[in-house]
Structures are given as C-alpha cells and as structure tokens.
Amino acid sequence: MNVFIRVDASIDIGIGHVMRCLTLAQKLRAQGNMVSFICREHTGHLCDFIEMNGFKVLRLPASKVNLKITNYTKHSKWLGVPLSVDATQTKNLLRKGFVDLLIVDHYAINEVWEGSLREVVNKILIIDDLADRKHDCDVLIDQNYFEDYPIRYHSLVPPHCKSFLGPSYVLLRDEFYDQWSEQEIRSGAVKRILIFFGGIDHTNETGKALTTLLKMNRNDIQVDVVVGRNNLHKRKLASICKQYNFLHFYCQVANISELMRQADLSIGAGGTTTWERCFLSLPSIVWSIADNQVEICKTLSRKKIIKYLGEKETLEQPFLTQQLENLIENEVERNEMSRLSYLLMKDNIVKHQSMIQQIMRLED
C-alpha cells in the first residue's frame, strides 16, 4: 500500500500523536508498505525526527501569528490554519500520486476535512481519543479506557467503519513487547522510581515531582528523570540531578521501556505513556496535564489501576508528598495496581497483531 499519515506536533499539541503514528508507520513499513508523513511546521514540530526514523515528510508551512480560525472542533486552533485551507493544502500534496490509505491523528480534523479528501484517497483511518466530533472514515482506532468505550463512536462514524476500541489496541513500539513478561507482577520494596511527563512538559511537572522527592529525603531510592529534547526546563533539571548521586537524568531516550521495566514505581502524566506503564505492569502516581486526560485517569483510578491525584492546576505539594509516601510504604496496594494493569493489557499482543493485519487488507 501507499500510505500517508497526517499528524502534527507542537508546543501545544505535544509529541504523543507523532510518536504513536511513528509506531504504526514502522509496523506498516515492516509489512512492505510505503509510508510518508504530512506535518505542519509548528513551533516544536518533529519533522526532522520523523525523517531521522527513515520516513519522508511532506511539510506544510507554519501558520501566521494571530490568524483567525473558526472553531469547528474544540481544538481547531491546533491546526494553525482554517480547516478548509489545511484540507486543500493536504489534497494538493496527495494529488501527486495514488493513496491507498490516509491515516489522520489530529484533534482539529473532522468529517468535513476527511470527506473533502475522499477524491484523492482510497481509504481513511482515524486515530482519536476524544469522541467529540463526527468522522468520515473506514477505520477508527481509540486506545482509551472509558466506562462506555465500546459504544462511544456509535453515532460518530459511518455504519461501515471498522472500530478498534480500548487498551487491547494500544499502539506500542516493539521495545515494549521485548520487555514484556507475563510473570512479572511488581512486588517488594520501592528501590527505583521513574519520573516522566512526556516530551514537552512546558509547565515543568517533572520539577514538581523532583522537588517532592528531594524534600522526602529518600536517597535510598534511585530516581530516573526523563525529559524530551523540546523540554524548556531540561538544563535546570539536569543541573539539579547532577548534585545527587541517586538522581539519574536522561534526555530523549530510546529505551524508555527498559527504564520502566527497571522501576518499581512511576510518576507521570496521563496520555499515551499511561498505556506503556500499564503494559509493563508498572504502578503509577499520575496527574493530568491536559483536559483530554482527565476522564481516562478518573476511570483508571476508580478501577484502582493507577493512583490519580487530579489536575496539575489543583495539585498541591503537601498532598503529593503524602500520597507518594503512602504508596511507597504500601506494597499491597502497589502489587494490586500492577496485577490490575496486567489484566487490562494482557490481550494487547494478540489483538494488536490482528488489527495490523486487518489494516493491511484495507486495499482489497
């Protein structure tokens, strides 16, 4: 198949959408497909990084400052240009060759954009998390866990659309499957903690977690601090970590799954990394750093799969300290979180492989 992926990264959007699309792209390429990306050059884009991974990137120009954009969706401004402009620019790029499959992972894109691309593409696959708008698509993937996740899209996609819903269809990189062990439910004392709040972390939640750990004076616990290359606070965080021999600083790692496997407890945000931690049965303290993470975190917390502390704006240091201290000392709770994480994700390997094979048959 000739496959194109329309996805963006930016300071506002973050890098999670691109990272999961890269995962899917690598799996499709391994099956012999031609895969290219279409990305807008927002501030904080990952076009160069995608190219470093061996994929061609067709670049859309950066948007003009203060450009008026109609709110077709809650995240319309993330597109950087009006919906019709982005659709036309994307269509013009795709007219140069036949497209078997167009994959779209973008909160600002809806059925109007998708419908306008039908004349130049054969099939459309949507990756979504929100279920807040209609889609004109043939396949939809939503990896998230809500109480009503099996029926969230019933009125939002066409009757013929094939839907892959829930954590069993999470797009995980091969490194996570390499680290997975059916037998390894976490137990024992907390000897190592992983702190990771994604590739951007513009409000420096990493620093908040690090400050808490330092105030607790637990130098008997090794701490891995991971940030992305676009983290604006990385130099300050690196400087703090250099002062303590139990703190270990990493920037833009290629082995986050290994660090998760080594950890006994994680501190991080909701979002894509949630499913990576769950897949490796890693107990986690979590707070949400974006609106779309809140309900997912609440659902997982009610199921006792994660320890959710609320939204970043309302999280106070004394509460964080208390919750972290309690969980470090409570091996029974951590063991149960690990067990429930395993049960949530145990079908991923088989169902994920089945999903990839069904995507491969879309051109038939």
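The values are calculated or read from the model by the stated rules, or taken from the named source; none is laboratory data. Just so we're clear, the structure is a prediction, and the values are computed from it rather than from any experiment. FYI the Cβ positions are ideal-geometry reconstructions off the backbone, even for glycines, and counts take in every protein chain you see. Each accessible area value is taken on the protein alone, full model and side chains, heavy atoms only, with ligands, DNA and RNA left out. Shrake-Rupley method; radii C 1.70, N 1.55, O 1.52, S 1.80 Å.
Selection of the stretch 327-341 for residues being out of contact with any strand residue (DSSP E or B) (no Cβ under 9 Å at 6 or more places or on another chain) and open to solvent by 40 Å² or more (accessible area, probe 1.4 Å) yields Glu329, Asn330, Glu331, Val332, Asn335, Glu336, Arg339. Taking the stretch 251-309, which residues are of a type in the set (D, E, K, R) and outside any strand (DSSP E or B)? Across the stretch 251-309, the qualifying residues are Glu258, Arg261, Asp264, Glu276, Arg277, Asp291, Glu295, Lys298, Arg302, Lys303, Lys304.
Scan the stretch 185-235 for residues that are crowded, with 22+ Cβ neighbours inside 10 Å, in a loop (DSSP other than H, G, I, E, B) and either at pLDDT 95 or above or touching a helix residue (DSSP H, G or I) at 6+ places or on another chain (Cβ under 6 Å) (or both) and report the count. So the count comes out to 1.
Pairing each residue of the stretch 20-40 that is closer than 19 Å to Arg361 by Cβ with any residue that is in a helix (DSSP H, G or I), provided the two are 6+ apart or on different chains, yields C-beta distances under 6 Å for Lys27/Ile356; Gln31/Met360; Val35/Ala25; Val35/Leu28; Val35/Arg29. If you go through the stretch 142-162 and keep only what is assigned to a strand (DSSP E or B) and surrounded by fewer than 19 Cβ atoms within 10 Å (Cβ to Cβ), you end up with just Lys162.
When restricted to residues that are free of Cβ contacts under 8 Å to residues at least 24 places away in the same chain and of a type in the set (A, V, I, L, M, F, W, C), the stretch 132-156 contains 1. Looking across the stretch 339-356, the residues that are over 19 Å from Ser163 (Cα atoms) and either of a type in the set (S, T, N, Q) or outside any helix (DSSP H, G or I) (or both) come down to Ser341, Lys346. Within the option set Ser266, Ser239, Ser284, being without any contact (Cβ under 8 Å) to a residue 40 or more places away in the chain and among the polar types (S, T, N, Q) holds for one residue only, Ser239.
Condition first: open to solvent by less than 20 Å² (accessible area, probe 1.4 Å) and either at pLDDT 95 or above or farther than 30 Å from Gly44 by Cα (or both). Can you find one or more residues in the stretch 175-183 that meet it? No, the stretch 175-183 has no match at all.
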